[in-house]
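Written out below as structure tokens is the structure these notes cover.
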Amino acid sequence: MKTIGLIGGMSWESTAHYYRVLNQETARLRGGLHSAPVLIDSVDFAPIAEMQSAGKWDDAGDALKLSAKRLVGAGSEILGLATNTMHVVADRMLDGINATFVHIADPTADALLADGYTKVGLLGTRFTMEMSFYRDRLSARGLESLIPEVDRTNLNGIIYDELCRGIVREESRRIYIDAISRLAARGAEAVILGCTEIGMLIDDAVSPLPVFDTTDLHAKALVAAALQ
């Protein structure tokens with residue numbers, strides 16, 4: 001099994017979940033006491049979040065490239081970026097990096113299409129919802145994505161002010177459930193949890209639509225790539 005390099009810390013709450021799923025999936029596929037060979041470069045999220053807010057995407061990409069270089073230099077052959085939003089700088093981050101990169105949107109698109117869905121709701125940070133980088137990648141696979149028409153600022157705030165700090169509130173869960181209900185009313189057939197923390201609030205047990213959690217799907221795809 002190849003070594004997986006994970007660029008994490010954005011936030012560490014979801015990176016911890018990645019580590020669990022990487023090992024659970026490896027044990028499921030390989031059996032016995034097998035676990036995943038994983039290197040994690042966990043960055044300080046505060047400077048990255050400041051770059052996001054200031055629109056300094058090139059600086060953020062350069063910072064993550066340093067992380068990718070550390071991982072590859074340490075022996076990582078498969079590379080994953082444990083955040084949806086920062087895939088906006090994936091091309092800049094990967095320039096000159098010699099490793100197999102698994103884009104977080106690709107296993108999500110695979111799972112949606114395998115289940116027969118073509119019109120989906122997309123929840124995430126305001127950057128993921130409002131910028132085109134993520135929706136364009138889904139569109140290239142034939143998926144139409146809808147984003148909330150209202151409450152985007154509130155949804156974004158719940159991610160940064162609560163979930164990234166390990167705070168899970170029932171009131172916030174209801175806000176997300178309402179957003180999913182509104183997407184369903186506009187024709188969404190399923191919903192993408194397009195931020196790696198939203199799974200702390202929403203799952204199939206509470207969602208009005210079938211849930212596709214990018215964190216779980218991405219982690220499992222990284223294991224599959226490492227086993228090829």
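The values are calculated or read from the model by the stated rules, or taken from the named source; none is laboratory data. Just so we're clear, the structure is a prediction, and the values are computed from it rather than from any experiment. With ideal geometry, Cβ positions are generated from the backbone for all residues, glycine too; neighbour counts draw on all protein chains shown. Keep in mind that these areas ignore ligands, DNA and RNA; they rest on the heavy atoms of the full protein, side chains included. Shrake-Rupley method; radii C 1.70, N 1.55, O 1.52, S 1.80 Å.
Residues of segment 62-88 being outside any helix (DSSP H, G or I) and either within 17 Å of TYR18 (Cα to Cα) or of a type in the set (Gly, Ala, Ser) (or both), which ones?
ALA74, GLY75, SER76, ILE78, LEU79, GLY80, LEU81, ALA82, THR83, ASN84
Within segment 140-149, is there a residue that is touching a Ser or Thr at 6+ places or on another chain (Cβ under 9 Å) and either under 20 Å from THR15 (Cα atoms) or open to solvent by 60 Å² or more (accessible area, probe 1.4 Å) (or both)?
Yes, some residue in segment 140-149 is touching a Ser or Thr at 6+ places or on another chain (Cβ under 9 Å) and either under 20 Å from THR15 (Cα atoms) or open to solvent by 60 Å² or more (accessible area, probe 1.4 Å) (or both).
When you look at ALA63, is it among the aliphatic types (A, V, I, L, M), without any contact (Cβ under 8 Å) to a residue 24 or more places away in the chain and surrounded by 14 or more Cβ atoms within 10 Å (Cβ to Cβ), yes or no?
Here the answer is yes, as ALA63 does meet what is asked.
Has segment 66-73 got at least one residue that is farther than 27 Å from LEU227 by Cβ and touching a Gly at 6+ places or on another chain (Cβ under 6 Å)?
no
Only one residue in GLU13, GLU25 is out of contact with any Gly (no Cβ under 9 Å at 6 or more places or on another chain) and not hydroxyl-bearing (Ser, Thr, Tyr), so which one is that?
One residue alone meets the criteria, GLU25.
Among the residues in segment 92-101, are any surrounded by 22 or more Cβ atoms within 10 Å (Cβ to Cβ) and under 17 Å from GLY5 (Cβ atoms)?
Checked against the condition, which is being surrounded by 22 or more Cβ atoms within 10 Å (Cβ to Cβ) and under 17 Å from GLY5 (Cβ atoms), segment 92-101 yields at least one hit.
Without any contact (Cβ under 8 Å) to a residue 40 or more places away in the chain, in a loop (DSSP other than H, G, I, E, B) and hydroxyl-bearing (Ser, Thr, Tyr): does that describe SER207?
yes
Can you tell me how many residues within segment 127-161 are over 14 Å from the mean Cα position of the chain (by Cα) and basic (Lys, Arg)?
So the count comes out to 2.
Within segment 180-204, work out how many residues are open to solvent by 10 Å² or more (accessible area, probe 1.4 Å), without any contact (Cβ under 8 Å) to a residue 60 or more places away in the chain and in a helix (DSSP H, G or I).
3
Filter segment 205-228 down to residues that are open to solvent by 30 Å² or more (accessible area, probe 1.4 Å) and hydroxyl-bearing (Ser, Thr, Tyr), then give me how many there are.
0
Within segment 114-128, how many residues are within 29 Å of TRP57 (Cβ to Cβ) and open to solvent by 60 Å² or more (accessible area, probe 1.4 Å)?
Summing the residues that are within 29 Å of TRP57 (Cβ to Cβ) and open to solvent by 60 Å² or more (accessible area, probe 1.4 Å) in segment 114-128 gives 1.
Considering only segment 24-59, state which residues are open to solvent by less than 30 Å² (accessible area, probe 1.4 Å) and over 17 Å from THR196 (Cα atoms).
GLU25, THR26, GLY31, ALA36
(1) polar (S, T, N, Q); (2) in a helix (DSSP H, G or I); (3) farther than 13 Å from LEU201 by Cα: which one isn't true of SER172, the others all being true?
Of the numbered conditions (1) polar (S, T, N, Q); (2) in a helix (DSSP H, G or I); (3) farther than 13 Å from LEU201 by Cα, the odd one out for SER172 is (3).
Considering only residues that are among the aliphatic types (A, V, I, L, M), in contact (Cβ under 8 Å) with a residue 60 or more places away in the chain and assigned to a helix (DSSP H, G or I), which ones fall in segment 114-166?
MET129, LEU163
For the list (1) open to solvent by 50 Å² or more (accessible area, probe 1.4 Å); (2) of a type in the set (A, V, I, L, M); (3) not in a loop (DSSP other than H, G, I, E, B), I need the number of the one condition that ILE7 fails.
It fails just one condition, (1).
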